[in-house]
1. Taking a quarter of the surface of the convex hull around the Cα atoms of the range 182-313, what do you get in nm²?
2. Multiplying the sequence separation of residue 204 and residue 168 by 0.36 nm and subtracting their Cα-Cα distance, what value in nm do you get?
3. Compute a Gaussian network model of the chain, connecting alpha carbons closer than 10 Å, and tell me which residue from 325, 296, 27 fluctuates the most.
4. Can you give the charge dipole size of the chain about its Cα centre, rounded to the nearest 20 debye, using +1 on the beta carbon of Lys and Arg and -1 on the beta carbon of Asp and Glu?
5. How much mean residue ellipticity at 222 nm does the chain get from its helices, if each DSSP H run of length 4 or more adds -39500 (n - 2.57) and you divide by all residues, to the nearest 500 deg cm²/dmol?
6. Express the Stokes-Einstein translational diffusion coefficient of the chain in µm² s⁻¹, to the nearest whole number, given a Kirkwood radius over alpha-carbon pairs, 20 °C and a viscosity of 1.002 mPa s.
7. Once you place label points 7 Å from the Cα toward the Cβ at residue 291 and residue 307, how far apart are they in nm?
8. If you take the Cα atoms of the range 246-324, find Rg, then find the Kirkwood Rh from the mean of 1/r over all pairs, what is Rg/Rh?
Amino acid sequence: MEQATGVCGLVLPGGGARGAYQVGVLKAIAELYPRPAGPFRVVTGTSAGAINAAVVASHAHEFAAGIERLAAFWGSMHCARIYRTDALTVLGSGLRWAMGLGSGGLLNVAPKALLDNNPLRNFLQSTLQLEGVETAIDQGALDGVAITASGYTRAGAVSFFQARPGIKPWRRHRREGLPARLDVSHLMASAALPMLFPAERLGDEYFGDGGMRMTAPLSPAIHLGAEKILVIATRDERPDPAPTAPTRYPSPAEIGGYLLDTIFMDTLNADLARLGRVNRTLSLVPDTDRQATGLKYIDALVIRPSRDLRDMTAGHAADIPWAVKLMLRSLGGWGRDWRMASYLLFEAPYCQALMDLGYADGMAQQRRIRDFLGPAAD
């Protein structure tokens with residue numbers, strides 16, 4: 001099959017604390033791509049991937065420095081930097097949920113979310129250098145960056161993008177791209193995990209995690225001009241074995257973790273499969289007739305964890321603040337299944353382990369990465 005050339009896009013899906021894995025892969029790429037300007041002229045992200053994407057885009061003209069900042073960010077991580085972990089806040093939210101349900105809605109006491117992520121807002125406001133996005137565009141190192149969030153009123157995905165002149169807004173079924181000067185509010189909206197973190201108001205509408213409504217997660221990169229796409233996923237693809245005996249009823253935390261996996265990875269896998277079908281179809285169409293199809297060949301390379309991150313979560317579970325641990329226990333997310341915990345374990349030892357795995361996976365696939373990025377990676 002033919003190999004796509006040209007503008008390379010980077011797609012970073014969500015994954016909560018699993019986003020540290022993406023940084024490890026990017027660290028390997030930075031070593032394989034030593035030039036000042038990075039290999040990605042288009043960058044898109046969702047949820048935790050949106051934060052990573054913002055840093056990569058704002059340092060596209062100084063790629064290695066941007067990855068160093070990301071590694072320092074995740075390597076010094078702790079839960080209290082992302083959400084409040086004190087017992088009064090965490091347990092108080094759970095109590096208010098219970099009171100709201102118990103009163104049948106008569107008492108307007110339910111919190112907006114289980115966790116308060118204002119610490120993340122404060123941290124991003126004090127550390128991000130989003131003015132670098134415009135600098136990277138002006139210097140020709142970046143064509144565009146898009147951050148996707150889901151509008152609760154319009155029931156669709158919106159990719160807020162900042163790009164070079166000439167890139168136009170787009171609209172498809174329940175997804176659109178709107179130009180914006182990106183700021184912390186866009187990142188908070190994209191990272192507002194449903195039920196866990198509160199929605200973010202942008203203009204007249206509240207937005208939540210971008211993965212909820214984004215049915216074509218590769219499309220923002222394509223609209224911004226990517227001709228080939230590298231995806232750094234946050235879940236391995238080995239299927240879980242079928243049970244050999246009757247299982248217990250799934251707990252709320254197990255269901256929640258299952259839904260988060262669906263939000264972040266299932267639509268991505270479906271879009272990658274769709275891209276593969278388009279590419280195969282185009283390979284059967286004569287070059288002279290391709291333009292009439294309105295389609296173009298876009299190659300994709302996906303880097304996935306070589307290990308099940310839930311197993312790694314179990315080994316670091318003791319680092320979770322005790323109030324959050326108690327909340328997870330009450331929701332049935334402790335010991336039986338580590339999906340939910342894997343999204344919330346923003347502690348340095350766990351994040352460093354994920355970065356180490358990402359780096360090892362990246363270096364193990366350096367031949368594929370070099371071939372995909374092209375001669376500029378030499």
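1. Dividing the Cα hull surface by four gives the mean projection, 12.0 nm².
2. Between residue 204 and residue 168, full extension yields an extra 10.7 nm.
3. 296
4. Dipole of the chain, to the nearest 20 debye: 660 debye.
5. The per-residue figure over the chain is -13000 deg cm²/dmol.
6. For the chosen part, D equals 101 µm²/s.
7. 5.2 nm
8. Rg/Rh: 1.22.
The values are calculated or read from the model by the stated rules, or taken from the named source; none is laboratory data. Please read these numbers as outputs of a predicted model, since none were measured by experiment. Neighbour counts run over all protein chains shown; Cβ positions are idealised from the backbone, glycine included. Each accessible area value is taken on the protein alone, full model and side chains, heavy atoms only, with ligands, DNA and RNA left out. Shrake-Rupley method; radii C 1.70, N 1.55, O 1.52, S 1.80 Å.
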